[in-house]
Every structure is written in structure tokens, then in C-alpha cells.
1. Among the residues of the stretch 111-130 satisfying the criterion of being under 12 Å from Leu150 (Cα atoms) and in contact (Cβ under 8 Å) with a residue 12 or more places away in the chain, which is nearest to ligand 1 (Cβ to nearest atom)?
2. Got a number for residues in the stretch 93-106 being exposed (fewer than 14 other Cβ atoms within 10 Å of the Cβ) and assigned to a loop (DSSP other than H, G, I, E, B)?
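All of the numbers you see were taken from the coordinates with simple rules; none came from a lab. If you're wondering where the values come from, they're calculated on a predicted model, not measured in any experiment. Note that each Cβ is placed from the backbone with ideal geometry, even for glycine, and that neighbours are counted across all protein chains shown.
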Amino acid sequence: MKTTLNINGELKNCDADLTTPLLYILRNDLELNGAKFGCGAGQCGACTVLMNNQPIRSCVTLLKNIPAQAKITTIEGLSQRAQKSMEVDSLSILQNAFIEEQAAQCGYCINGMIMTAKSFLDKNPDPTDSQIRGALDANLCRCGTHSRILKAVKRAALQIKQSKSKPLAQPKKAKESV
Ligand code: FES
Ligand code: FES
């Protein structure tokens, strides 16, 4: 069946059976490979994307259960280019924090971690360590890089707070004519 989905702010057409999981549509039809197939059973979080800013497991979210007006965000939609139509890609603060803390070992879980953290930080911009742990509790990491993932989310929270408290740049004064 032909359907249109709002993904990363763009309307995307797909032609899939209504029982197709969103993950398959993202990866097989739309070439959005950031969400990963891990368990395929809603248990690991590797396939996490956001639907209306809430994390969902795309491996068990069937096309028929996605509301018509739903806004889907994948990790590809987090970059500043995706959000501000910039020509050069620029990773979000959260993505950069994961790189700066070297949070990935094999990296398979990381995109799901970032999407879960994104939704969490939007709601709780000043979290405690235990709140971060609780938010990411259901996302599994086989490599055991949890402590670096925790540091990355903390770093991102701090940087996002700092970026919001920066004063806006003042417009330059016009040169006085002589
Ligand atoms: S692949 Fe979806 S939760 Fe594991
Ligand atoms: S970094 Fe390998 S599964 Fe998390």
C-alpha cells in the first residue's frame, strides 16, 4: 500500500504492506541506515527512532500503527544540516559528545542510545547520573561502554545548557559616514 511518512521533516513516499515494521521501511526503502537491526523483538533498543519526540522501537512498530500526522526522527535528522538546511553537515551537540567521549566500541547500539538520550534531554535538560542511567536502562550495549555513554550524555547536557545561555551576537554597527 502506498503511504506517506513524515521523516526528518520531509514527506517520504513508500509502498509497503501495512504489517511492515518501520525499521524495514527506513533501511530498505528510504536508505536511512542509522537505526540498526539488533534483536528484532523490541528488546535491545538498537533500532530506536523518535515518533513525535518519543523513543520507539522501530523493529516492532508496524506501518499500520503509525498515525498519519506522526513525525518520525531518525539519527540522520539530528544533524544541524538536517535541521537548518545548511550545506555542510554539522553533527548535533549530542552526537559530538558521543565522539568526544569515545562512547562507541563497536558502535552498534550507539544510534539507539543517542535517540533515546535526545528525547530524554529534551524533557530533562539538567539530569542527574541516576536519571541518565534510568533513561538508557532499556538500551543494551554488548560492549559494555556504559560509563562512557553516561559521560557523553552528561557532556551533551552541559554543552546544550551552555549554548543556550550564550548571549545573542549583537548586530554590527553601521560605519559612520565622514
Ligand atoms: S532491534 Fe529493535 S529493539 Fe532490538
Ligand atoms: S558499543 Fe558495541 S554494542 Fe554498544
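1. Once the filter is applied, the top-ranked residue is Met113.
2. 2
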